[in-house]
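Scroll down for the structure; my scribbles are underneath it.
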Amino acid sequence: MKSLFHLLLAAVAFLAVSCQDPLPPVIDNTESEPESGPGFVEAVPDTVTFTNADFIYYGDIAGESSSDDWVVKLYTDMEIDELGNPVGPGAVTQLQLNAKWNESQTSDPKNLKGVYREMMNSGNFAPGTFVSGYMVTLDLPGQTIQMADGTFFASLEEGSKEMDYDLIDEGAVSVQPNGDGTYNIEGVLVGKKYTKRYFKWTGDIQPRDAVPEETPNSTLKEDLTGLSFVQGQLQDKGDYFYRMDETYRCLLIYLADETVDMTSSRPAGDGAVLRLEVLVPWETDITKDGIPSGTYPMTVRNPDTSIDKDNIVPGVAVPGLPNVFAAWKVSGAWYYELEAGEWTQTYARIDKGEITVENHGDGSYTISYDLLDCQTVPRKIQGSTTLAELTIPGRPNQDKTQPDVNSYVLDKSETPFASVHISNLGEYICIAATSVEGVASFDAIFDQDEYFYVAISPLLNGKEFDLMTEQDLYTVMSTLDGAYLESVAPAMKEEITAGKCLFEYKDGKAQVRIDLTLADGSQLAARMEAQEQGIVVNENIFAIAGDEKPLRTAFYLKEDGLTTLYLTPAGIEYFEDISITTYYAYVILDDTQCNGRTLDVSDIVAVGYGDNFNEIYVDSREVEAEGTLKVAADPADVAHYQLSADITIGGTTLKLRYDGNAIDAGEKEVVKNEVIYSGKPYGITSVALNQASESTCTVMIYTEREDVLKIHLPADFIDGNAHGFSQSSDLYIEYGGKVYSKAKGYSGTVTVGRDGDTLRIDATNYDNLKITYEGTYETNI
Amino acid sequence: MRQIYKLFAMAVLVLTVVSACQKPETPPVSDDPQDDQQTVEQLLGTYKYDGKEYPVYSLAVSADESQIIVKISPFKEGENQTTYAVVGINTALQGTVIDVEKAWHNDDYYFIYEDPLVYYSQYRQLQSGTIMIKAVGKSVKVKADLILPDGKKFAFEYK
């Protein structure tokens, strides 16, 4: 419907030129003046005649077999400096054209012939269109460069290397052969500056082929027949394709040479491996039933690599997933040969054929395979293997219950963790482990298909806790085969029935033991150790009535010889925000008492706390208080304080431990009046708030940029509170020619509040746009 | 359903106006308010664009229950109108002064301007200004004072 709407709009536009040629003629200004009525002389535009051209053929980068990407760079004669930059005066245009698709993926200029217009939308690479211009940011050492890409026009002033870009998004380009081997390229393009860019070029098209080299999905040069293996492994991959309807179960079968190491869930070592996947009834229990006997033909994988839901059914085998070669990502049927655990150059993605399984009922199998790889002239992979058993990872007879260091035991089967790293996420201490060797970083562990992750609040450091009852924050996640845990946390315990964890971190070294009983009854025990520098542990504590939390923020205020320290579990930056924290506490004492000596509560001016949630505010000057405290100021650093307090005030216990840099409570939040768009800040010059309809308003924000940023919102959202795009279809942001709304797939939060002559705005689309403003505004409301 | 109705109405409109271009000599004859088309071929007034004043020698109106569209040009009807402007509104808003900042672009109002040097297609949203169009019998009243996307001014009035 949307495209129909666009078509109709395009037709409306066309009505204005409906009596004209669809491709506006390139102006020849050597001719006489155009026809005009009395008192009217129509302007005559210049046509840029380009004299140089580069043609780069990138082929089918969209991967849709519908068009090929060509980049045509046209430029006038210009001096070129020693770094290859053109020096003005001159003009450059780049055309990114979606030309006719060439099955052979070779650069043939004949395929460029045609007329190209703007794309219907950014995802439509139909032939006969050009890609709109856009800016890209390059982060280079010590500098950031912004440059245009896609289709754009640029001019260079005399002596300048600076390109004045106009990003093109409308118009038409014609590429036509002259019949003598040369081509004409001409057109009229319009971009963000609304100026018509008339241009032409004539010459030979000598394309440069830049089609990315494709890694073949099969390297077999000859058939593999009589193929037999001596060991095998069977894994239950469950609802691998997420049908979520319990209609099939995916079983993974590895058949391998003797020299292949099959002790873990992924083959390692040296030798040949045949990886097969078959789909069986959901009720199949591989530990009891094994693989059901039968013939499993390869199901159909679509050209875009997906498999239709109707083809994900019991009784079929799964073709290999194309273009995915890493051992931990490979999926479906493949043949490959290993050397020291790595794939060699001998491998094949299996696309067709069938697998026949004879389950002898005693754990032994005969598995026959008559398969074809994916090459244009396919190679055969044929043979038969008879095995006394197929091992099942997680159920070999190791009979272990406790893992060794850096390994896990799942239902008495131990698997080593080959890569373990620790890190901070906020103040949380985290450890992540995977069986994959050589994973270089904490973040990279999450790129593996199997990993195990534990994170704890620093309050749980060194404390063995029961996952079923612990209220302080922890998270356990697992993608280990047979032990998938989406997230186990204090409020999310449905995936386990029991669990204990001891996470000890000290001096850069973490040691973790964890024992879990999963909801399906499986027993998972893991032990991990890792050492890493740079981990920061917040050991500051805020405990009220025995409820212990990390103490995240402290503020100090020095006035009239008194020091006041405010302490809160909330992670806030500005003192004003203490009024929105759940809890805070404060001590007020003489500057001279900040010497580290133990003080009685009665020795200081006051101690107190606020419970904003329950609106309880207690001060030792008004209620009974007892206990001691120590406060030490750092003579070398005015912000650094150490504090230890164990106090009972109005019957409520307060335990505070703090060692760190406090924030000056007198520091005011400074709001920068700016729009940050695609990483670049633009100062806000003025703001207006207008009534758009009876129930909606528009905030107009004028910046150093030409276009106006508009925040559309329901009138009752101008309340100083944050509102998300999902709360109303009337809430959206319009900028840079785009609409950011829930309907367009964007998330966003907008806060607009007014207080007399002041308007406060805080808005973001969590992508490329952030607006902050506090100041005066004009309004018609 | 409202959207589908609009699309249908817009399709009718397109056909109407294209038809007008194919038959430039056809005088306005229809009394049907659903298809009111008018062509005038004398100096009708002027419009201003970017601080300069230009004559208007042709004015074509197309109206139906959905939109009223006015096309003006310094060229006479039947000539190759390489300079023109199109101003339109939703029929339901005729006679009212539409503040383009508060109205829906390409829904409540339309605007196109093109000459050999510049082109503001209907995809370019105007910065600010007002449009008023009202059909008066077989004639039309138009007043447009607009700030275009690049800050240039466009103004046209016809009674």
All-but-one check, residue A:160 against (1) touching a residue at least 60 places away in the same chain (Cβ under 8 Å); (2) outside any loop (DSSP other than H, G, I, E, B); (3) surrounded by 14 or more Cβ atoms within 10 Å (Cβ to Cβ), failing number (2)
Counting only strands (runs of 3 or more DSSP E) entirely within the stretch B:52-159, those with at least 2 residues that are without any contact (Cβ under 8 Å) to a residue 40 or more places away in the chain and more than 12 Å from every other protein chain (Cβ to nearest Cβ) are B:128-136, B:139-147
Flagged in the stretch A:502-549 as in contact with a helix residue (DSSP H, G or I) (Cβ under 7 Å, 6 or more places away or on another chain), closer than 28 Å to residue A:451 by Cα and assigned to a strand (DSSP E or B), in numbering order, are A:503
Among strands (runs of 3 or more DSSP E) entirely within the stretch A:587-696, at least 1 residues that are more than 30 Å from residue A:775 (Cα to Cα) and of a type in the set (Phe, Trp, Tyr) occur in A:606-611, A:616-619, A:637-649, A:652-661
| Somewhere in the stretch A:717-734, is a residue part of a strand (DSSP E or B), more than 25 Å from residue A:678 (Cβ to Cβ) and either away from chain B (no Cβ under 11 Å) or over 29 Å from the mean Cα position of the chain (by Cα) (or both)? | no
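To keep it simple, each residue is scored yes or no on (1) modelled with pLDDT of 90 or more; (2) under 30 Å from residue A:635 (Cβ atoms).
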position	(1), (2)
A:664	yes, yes
A:667	no, yes
A:674	yes, no
A:681	no, no
A:694	no, no
A:697	yes, no
A:703	no, no
A:709	yes, no
Of those in the stretch A:99-111 that are modelled with pLDDT under 95 and in contact with a strand residue (DSSP E or B) (Cβ under 6 Å, 6 or more places away or on another chain), the residue farthest from residue A:183 (Cα to Cα) is A:105
Examine the stretch A:120-140 for a residue that is surrounded by 15 or more Cβ atoms within 10 Å (Cβ to Cβ), modelled with pLDDT under 95, among the small types (Gly, Ala, Ser) and not in a loop (DSSP other than H, G, I, E, B), and state whether such a residue exists.
no
The number of residues in the stretch A:166-182 that are of a type outside the set (Asp, Glu) and surrounded by fewer than 21 Cβ atoms within 10 Å (Cβ to Cβ) is 9
Item to check | Hey, residue A:693 on the phi < 0 side of the Ramachandran plot and more than 13 Å from chain B (Cβ to nearest Cβ) or not | outcome: no
Picking from A:102, A:85, the residue that is in contact with a Lys or Arg (Cβ under 7 Å, 6 or more places away or on another chain) and touching a residue at least 12 places away in the same chain (Cβ under 8 Å) would be A:85
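May I ask you to say which residue of A:21, A:81, A:28 is more than 9 Å from chain B (Cβ to nearest Cβ) and at pLDDT 75 or above?
Just one listed residue meets the conditions, A:81.
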Reported set for the stretch B:125-144 where residues are charged (D, E, K, R) and modelled with pLDDT under 90 is B:138
Residue set A:166, A:223; condition touching a strand residue (DSSP E or B) at 6+ places or on another chain (Cβ under 8 Å) and more than 14 Å from chain B (Cβ to nearest Cβ); output residue A:223
Within the stretch B:109-159, the count of residues that are touching a Pro at 6+ places or on another chain (Cβ under 8 Å), surrounded by fewer than 18 Cβ atoms within 10 Å (Cβ to Cβ) and farther than 20 Å from residue B:44 by Cα comes to 1
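The values are calculated or read from the model by the stated rules, or taken from the named source; none is laboratory data. Since we're looking at a predicted model, the values are computed, not measured. Note that we place each Cβ from the backbone using ideal geometry, even for glycine, and neighbour counts take in every protein chain shown.
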